[in-house]
1. Give the residues of segment B:163-214 that are facing chain C (nearest Cβ under 9 Å) and assigned to a loop (DSSP other than H, G, I, E, B), sorted by residue number.
2. How many residues are closer than 19 Å to residue C:188 by Cβ and hydroxyl-bearing (Ser, Thr, Tyr) when one looks only at segment C:115-134?
3. Within segment A:28-38, does at least one residue satisfy the condition of being in a helix (DSSP H, G or I), of a type outside the set (Ser, Thr, Tyr) and within 30 Å of residue A:68 (Cβ to Cβ)?
4. Against the condition touching a Lys or Arg at 6+ places or on another chain (Cβ under 8 Å) and of a type outside the set (D, E, K, R), how does residue C:71 come out, does it pass?
5. Quick check, is residue C:47 at negative phi, among the hydroxyl-bearing types (Ser, Thr, Tyr) and away from chain B (no Cβ under 14 Å)?
6. How many of the residues in segment B:227-237 are in contact with a Leu (Cβ under 8 Å, 6 or more places away or on another chain) and either among the basic types (Lys, Arg) or outside any loop (DSSP other than H, G, I, E, B) (or both)?
7. Among (1) within 18 Å of residue A:107 (Cα to Cα); (2) surrounded by fewer than 18 Cβ atoms within 10 Å (Cβ to Cβ), which single condition is residue A:143 missing?
8. Taking segment A:40-78, which residues are closer than 30 Å to residue C:246 by Cα, in contact (Cβ under 8 Å) with a residue 60 or more places away in the chain and surrounded by fewer than 19 Cβ atoms within 10 Å (Cβ to Cβ)?
Amino acid sequence: MLKEPEYLTNINAKIMEMQEIVESIGEQVQDALKNKSSGLKPVATELCREAQIKEELIVEMCVGSLIRHQPFASDLRAITVAMKVSYDLSRVCRYLRNITEVLEEVNIKNCEVKEVCELLKDAREMVRQSLKAYFEKDQKSATNLIKSDESIDEGYRMILRKYAVQKAGGNCILFNGITARIVERMADHACYISQETIYLVTGRRTDYR
Amino acid sequence: MAIISRRGKERLIKYLCFLVTTVAVIPLLWIIGEVVVNGVSAINLEFLTSLPAPFGESGGGIGNAILGTMIINAMACLFGIPVGILTGMHLSEYDLTSRLGAVVRTVVESLSGVPSIIFGIFAYSLIVLTVRHYTAIAAAFALGLMMIPLVAKATEESMRVVSNDIREAATALGIPKWIRTTKIVLSIAKGGVLTGCLLAFARISGETAPLLFTSLFSFFWPTGIDQPMASLQVLIYNYAMSGFENWILKAWGASLLLVIIVVSINVLVRSLTKPKYKGGA
Amino acid sequence: MANNIAKLDIQNLNALFYEKHALKNVNVKIPDKMVTAVIGPSGCGKSTFVRCINRMHELVPGAKVSGKVLLDGVDVYGGMDVMDVRRKIGMVFQKPNPFPNMSVADNVVAGLKLVGTHSKKELAELAEERLKSVGLWDEVKDELKKSGASLSGGQQQRLCIARALAMNPEVILMDEPTSALDPASTAKLEELVKKLKNEISVVIITHNVSQAARISDCTAFFYLGELVEFDETRNIFEHPKNPLTERYITGRFG
């Protein structure tokens, strides 16, 4: 592919900064889950706000580049994809924050959270991999990632099935159900990032439904 | 000291140029002055409209010469201008690069420098000797030939100057070449062509040598174009050397007429070419 | 694009200019009633290509053309009289070239008036109709008798288009028609081009890639005498197939 123009490099640098924030929240949430602790919500909210500001900045930079450079072909696709990726990342942030909100309200001292922890770890890995494929413009990687969404979906369904038949421990059922759902949505966004990466490289969109 | 000298040098050169120009113009003004002074007294109605009086008699005029000049010049134009325009058109539009074109162009240019007497002799041997008498047609032929190079050159150059974009536009519309050449390019160039024709006319109005071999002279009104005919130029030649007071005066008058004709044509040409030719609706 | 019939079917077109092989084996189908843009860096052959369509290239000394250009199935190089070709395929040039010795009205109908047998009334009506269709009527209706060259640049160019359209061509070729115009006139002309495609096919050369993106339905990219890519404009500008095309339209060269 062509050498990346400077405006694009700057936009991608901002996306990388967003990724760092996501990584930071993600790690803290993962720990909180493992230690079954709460009190993370304010920190998460603050970081999320930062990410939001970065997303708005990225959109502004993209629009500015459209006006100034009137790009075509791969340059044009890169701008539209960057805008979408930044949105997806902001959603991931939001979902992580949602988890801290649930942790705040629901006492899980006595709950089994191993499955949900694993699911979160996998989903975070997916986000990480999808962004790697995006920055490296790796079409193959992105395609494989879309396939691996299946395993997240399977994990989510397993958790649902398990807790659907439980009679006692309403707080645990609630927690696991909601958190699994949130994580599954996170993974979906990693998927969307991969779909955009494929469009970025090939210029074609496929129906993934 | 040095500064004064520099300014002084400038002024010196300026005055020198003025002086030289004056020196160059003086003879011209002198000639015209002489002609006017000497000829103006000869001009009157009788002079312009009646035939010459018998030898030695006073009175009479140069009416036949005036008419003769007009007829001969008109015929020359009828021959020289169309041929000249067609030649110029051909050189400009049809023959830009061929060998033949280069040859024709060289010939045409050289012809404009050939002494007029040669044309006279040519017409003499071609026509006068064939029909075995002096005739105005031969005069018109010789003068017409002299017009051709001037008209052709003016036509060619005026048409050359027309931008090629115009020709492309016409071609792209499917307009055939001959229509494009005549109705568009020539039409745009008509100012330059007209100028060329006027200058050519001015040239032949002043030529005497060809007429001596061809139309010769006559003391009568023109009877037919195949007959000898009077002309202003030959009249001046004859009368000035005659020794008769009356005739010498008439020669001055005829000279004045000629000068007036030639000068007016040149003034006309200048006034036509002054505003940039724009091509009206 | 597959649904549109080809107005011009160009087969194995080769053009030479003395020893230089200006066009190499060009094969393309220009669709009917659409705007096709021809883009490419300087010297790539786009002007030569377009001039081969209406047989103007062969007027250049040293020019040779081989191949077929089929207009509705008839080869312009064999099956038609060359004057007919130029009447059916009109052309507008980079520098507006109205005839300076004719009035505005006469310019519009020049192709007919100088050659044909139309009556004065017919010509006047036709001139008005064509001036209206290029959006010039209101601007010049009080100045119809003025010289064609007295109009502004943008007006002159529209006048030239009206003049070409008066011949009722089936295709109109435009060689960088807005290069010499200011932005406002350019915009007016682009609007006109977009309107024209309802009547006839338009082939427009442009060195301004954005212009091609704005007004054309299909785009042909030429490089060094070869047709590198030809596709719907949307595809060319969103995901061109050939890396050369991509490099050109993103401004990496040319």
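1. Residues satisfying the conditions are B:163, B:173, B:174, B:175, B:176.
2. Matching residues across segment C:115-134 total 1.
3. no
4. yes
5. Numbers: at negative phi: yes; among the hydroxyl-bearing types (Ser, Thr, Tyr): yes; away from chain B (no Cβ under 14 Å): no.
So residue C:47 fails the test.
6. Within segment B:227-237, residues that are in contact with a Leu (Cβ under 8 Å, 6 or more places away or on another chain) and either among the basic types (Lys, Arg) or outside any loop (DSSP other than H, G, I, E, B) (or both) number 5.
7. Residue A:143 satisfies every listed condition except (1).
8. Listed by number, the residues that qualify are A:68, A:69.
The values are calculated or read from the model by the stated rules, or taken from the named source; none is laboratory data. What you see is a predicted model, and the numbers here were worked out from it, not measured in a lab. When we count neighbours, we look across all protein chains shown, and the Cβ atoms used for this are built from the backbone with ideal geometry, even at glycine.
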